[in-house]
Amino acid sequence: MVTIMTDVPKDVAAFELTGKITGHDYETIVIPKVDAVAEESGKVRFLLFLNTSIGNFNIKAIWDDVKVGLKHLGKWHKTAIISDEKGVTLFTDTLGQLIPGETKSFTIAELEKAKEWIAA
C-alpha cells in the first residue's frame, strides 16, 4: 500500500510504502503526485519511505517506478530513499551518481532527518 505523506512541504512528493506494492498503487497514487509536483514547481523533490521489503513490489510496480523516473529525468532535484535494506541503500547510493539532482539514502531511524534534508 502507498500513502502520501503530508508532513512535508507541498512541493515534495513523499510516500510511505507498506505491505504489498502494486502497479495500481503507482498508477493511482505515486505517478499523479509526482506529475503534479513536477508541473507546479518545475522540479521534483521525492521522498520514498520503504516501510516494507523491496521483495513486496510486484513487477508492474518496479516498471512504473522506472517509468516515472525517466519521465521526469531532467526535473529530479532531490531524492531521499528511506530503508533499512542494505541492497536498497547500495542501489540508491549507486544510482544517485548516475541521475540528475541529489540522491541520498537514510535508515528508517533517520526518517525525520530525511524529511529535513528533502525540505531544505
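Going by the conditions given, is Glu16 of a type outside the set (Ser, Thr, Tyr) and surrounded by fewer than 16 Cβ atoms within 10 Å (Cβ to Cβ)?
Working: of a type outside the set (Ser, Thr, Tyr): yes; surrounded by fewer than 16 Cβ atoms within 10 Å (Cβ to Cβ): no.
So Glu16 does not fit the description; no.
Looking only at the range 71-84, decide whether some residue is out of contact with any Asp or Glu (no Cβ under 8 Å at 6 or more places or on another chain) and of a type in the set (Ser, Thr, Tyr). Yes, the conditions are met somewhere in the range 71-84.
Residues in the range 83-102 that are under 19 Å from Phe57 (Cβ atoms), of a type in the set (Gly, Ala, Ser) and outside any helix (DSSP H, G or I): Ser83 only.
For every residue, the table says whether it meets (1) in contact (Cβ under 8 Å) with a residue 60 or more places away in the chain; (2) among the acidic types (Asp, Glu); (3) part of a loop (DSSP other than H, G, I, E, B).
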position	(1), (2), (3)
Val8	yes, no, yes
Val37	no, no, no
Lys67	no, no, no
Ile81	no, no, no
Ala114	yes, no, no
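Spot the failing condition for Gly101; the list is (1) of a type outside the set (S, T, N, Q); (2) at pLDDT 95 or above; (3) at positive phi, and only one is missed. In the conditions (1) of a type outside the set (S, T, N, Q); (2) at pLDDT 95 or above; (3) at positive phi, Gly101 misses (2) alone.
The values are calculated or read from the model by the stated rules, or taken from the named source; none is laboratory data. The model shown is predicted, which means the values in this text are computed figures rather than measured ones. For neighbour counting, all protein chains shown are included, and Cβ atoms are generated from backbone atoms with ideal geometry for every residue, glycine included.
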